[in-house]
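Notes to accompany the following structure.
The values are calculated or read from the model by the stated rules, or taken from the named source; none is laboratory data. Note that the coordinates shown come from a computational prediction; the quantities given were computed from them, not determined experimentally. Using ideal geometry, Cβ is built from the backbone for each residue, glycine included, and neighbour counts are taken over all protein chains shown. In case anyone asks, the SASA skips ligands and DNA or RNA and just uses the protein heavy atoms, side chains included. Shrake-Rupley method; radii C 1.70, N 1.55, O 1.52, S 1.80 Å.
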There are 2 protein chains.
Amino acid sequence: MSASTELKAESAERADTLARVRVVLVETSHPGNVGSAARAMKTMGLHDLVIVAPRLAAPHEDAQAIALASGATDVLATTRIVPTLADALNDIHFAVGFTARKRELTHAHVSLREAAGMAITELETSSDVRAALGTQTSARVALVFGNEAMCLSNDDVDRCQLLASVPANPVYSSLNLAQTVQVACYEMMMAANAFAVAPDAPRKLATAGDIEALMQHLERAAIAAQFLDPQSPKRFSTRMRRLFTRARMEPEEVAILRGLLAAFENSAKDR
Amino acid sequence: MSASTELKAESAERADTLARVRVVLVETSHPGNVGSAARAMKTMGLHDLVIVAPRLAAPHEDAQAIALASGATDVLATTRIVPTLADALNDIHFAVGFTARKRELTHAHVSLREAAGMAITELETSSDVRAALGTQTSARVALVFGNEAMCLSNDDVDRCQLLASVPANPVYSSLNLAQTVQVACYEMMMAANAFAVAPDAPRKLATAGDIEALMQHLERAAIAAQFLDPQSPKRFSTRMRRLFTRARMEPEEVAILRGLLAAFENSAKDR
């Protein structure tokens, strides 16, 4: 298998990992939040949205939801509405409930980043096991969000394996629902290592020799302009060399500076 | 210094770190996005918002901005409007420009998480140096966001030390402005390690002895009900012991199960 084929297979595996993550919104009130959630999900590679007992019968078909979903209307088109959280979690193996406040409960309660790591481990371990056993069983994970007041009932919480919170300012921890979904989907994508920022195109850099030639030109011009005493060039040369070296200069920048120095030298000769 | 005093000093130092992070919105069109950005900032401990050449003269005083800022109107109250990015960055040492698309430029271009780490390093190194030198100089960092089309001009980009992108779905990478600000502020807060999720209250757990007593009770009841053959208890006992051990049972749960077993035993006697 070539490196590029391997990379594609790896990337497909990661897309498959995120495809097995469901976002569940419980008793959502505002269709706008459903649209924003769909957009947030799709940007991070998630597509499976289920809404439990919403206030409006079909918030995902509302004009405001469609407007805020922007290019993610395909997520709304496959969104399911179910009457209870039990229905939403029916085929789910590991559910993470999001709660803003600390509860005195028998659930493990971790930060979002820890929860995302644990959820992706569930998904990837299961993929490995599936491959080893040659079976089709694959784990499914749900991220469960309460309504706009960010409340999950105790009964909802008891259906989750794990509780998670987004760390936030203790004097104002009020992320709205769409923002919480965005940050949660972002951390799932990061934990799955699904989408990298493309590496920088290799930048053309000046060589040490180019910098050396620039320094000699600079010193020569500075001496000619009686700015630099050739008997004690130490501090000026040291600082300039350090600056040019640190800046990782490009050949074109070296050429521009040398052109400027040449112009200074010429205009001095003309006087 | 006591551990708790030390913890408070450390937490104040971290709050100070985030206080030196400015969010700059360039040519923002929608007041709603200004309000959402203020809310996103405050939840993550940031307060310094500057808007460059907005379409409306004072978008931070608009009713929609105030509504979406929710409890973060104090951020809007101190928001400054300036005519150019140069003004916004005047007292800034390290500016990170956010861009959705990859540019062919001489700037380093990294993922959001890397950028947040580098920005916090700038801030914290400077604090250390300041403490060592006994001076008041402290670095300031800016996060610079383009308008709703997520575009920074080349001229804007040239005023930043670093470019950053939020990794996203290559087929739909369209985070909106408020969502981008939320995720960026979240990563700054995480890099500064500013707000921890409170550790779990210690849960009362059953001891190995409690589990052992439950197992003996269960086996006795299972034998009495002729479910378990005392000659070959192996598999049943093994699986049940493994389940109870893995579940990290609480004393109350052990007591409930033993109560249930006792009820089964009694109802069998009554027959």
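Remarks
- Given +1 at the Cβ of Lys and Arg, -1 at the Cβ of Asp and Glu and no other charges, the dipole of the protein assembly as shown around its Cα centre is 740 debye to the nearest 20.
- Dipole of the protein assembly as shown [Lys/Arg +1, Asp/Glu -1 at C-beta], most positive-end residue of A:T78, A:Q182, B:L205: B:L205
- Local electrostatic count at A:M41 - Lys and Arg +1, Asp and Glu -1, tallied over other residues with Cβ under 11 Å: +1
- Counting Lys and Arg as +1 and Asp and Glu as -1 over every other residue whose Cβ lies under 15 Å from the Cβ of A:K234, the net charge comes to +2.
- Three-way shape call for the protein assembly as shown based on the alpha-carbon gyration tensor, with the a/c threshold at 1.5: prolate
- Summed buried accessible surface, chains A and B, 1.4 Å probe, nearest 100 Å²: 3800
- Counting only whole DSSP H helices of chain B, the ones at least 27 Å long by C-alpha along their axis and with mean Kyte-Doolittle hydropathy no lower than -1.0 are B:112-133, B:251-270.
- GNM flexibility winner over chain A from A:G32, A:G71, A:G209 (Cα, springs under 10 Å): A:G209
- Each Lys or Arg adds one and each Asp or Glu subtracts one; over the other residues with Cβ under 9 Å from the Cβ of B:S29, this totals -1.
- Among A:L205, A:L25, A:L89: highest mean-square fluctuation, GNM of chain A, C-alpha pairs under 10 Å: A:L205
- When chain B is treated as a GNM with alpha-carbon contacts under 10 Å, the residue of B:H60, B:H217, B:H93 showing the greatest mean-square fluctuation is B:H217.
- Spin-label model distance (nm) - B:I223 vs B:A108, 7 Å beyond Cα toward Cβ: 7.1
- For chain B, the orientation-averaged shadow of the C-alpha convex hull comes to 24.7 nm² (one quarter of the hull surface).
- Structural descriptor for chain A: relative contact order 20 percent, calculated from alpha carbon pairs under 8 angstrom and at least 6 residues apart.
- Gyration tensor verdict on region A:206-271 (Cα atoms; rounded if a/c is under 1.5, prolate if a/b is larger than b/c, oblate otherwise): oblate
- Per residue, chain A exposes 51 Å² of accessible surface when a 1.4 Å probe is rolled over the protein heavy atoms with every protein chain present.
- Greater than 28 Å apart at Cα, pairs in B:K234/B:K269; A:K234/A:K269; B:K204/B:K269: B:K204/B:K269
- Going from the isolated chain to the complete set of protein chains, region B:106-122 loses at least 30 Å² of heavy-atom accessible area (1.4 Å probe) at B:T106, B:H109, B:R113.
- For A:L56, no residue has an amide H sitting under 5 Å from its own, ignoring neighbours fewer than 5 places away on the same chain, with H placed 1.01 Å from N.
- Total charge dipole magnitude, region B:134-271, about the Cα centre, Cβ charges on Lys, Arg, Asp, Glu only, Debye to nearest 20: 880
- 7 Å along Cα→Cβ, label-point gaps from A:E114 to other copies, nm, shortest first: 2.9
- The residues of region A:36-76 occluded by other protein chains by 40 Å² or more of accessible area, set against the chain on its own, are A:R39, A:K42, A:T43; surface from heavy atoms, 1.4 Å probe.
- Cβ-derived FRET efficiency at R0 35 Å, B:T121 paired with B:C151, nearest 0.05: 0.80
- Here the dipole of region A:199-241 is about 120 debye; that uses its Cα centre as origin and unit charges on the Cβ of Lys and Arg (positive) and Asp and Glu (negative).
- Sorting A:S237, A:S173 by accessible area puts them as A:S173, A:S237; the probe is 1.4 Å, largest comes first, and only protein heavy atoms count.
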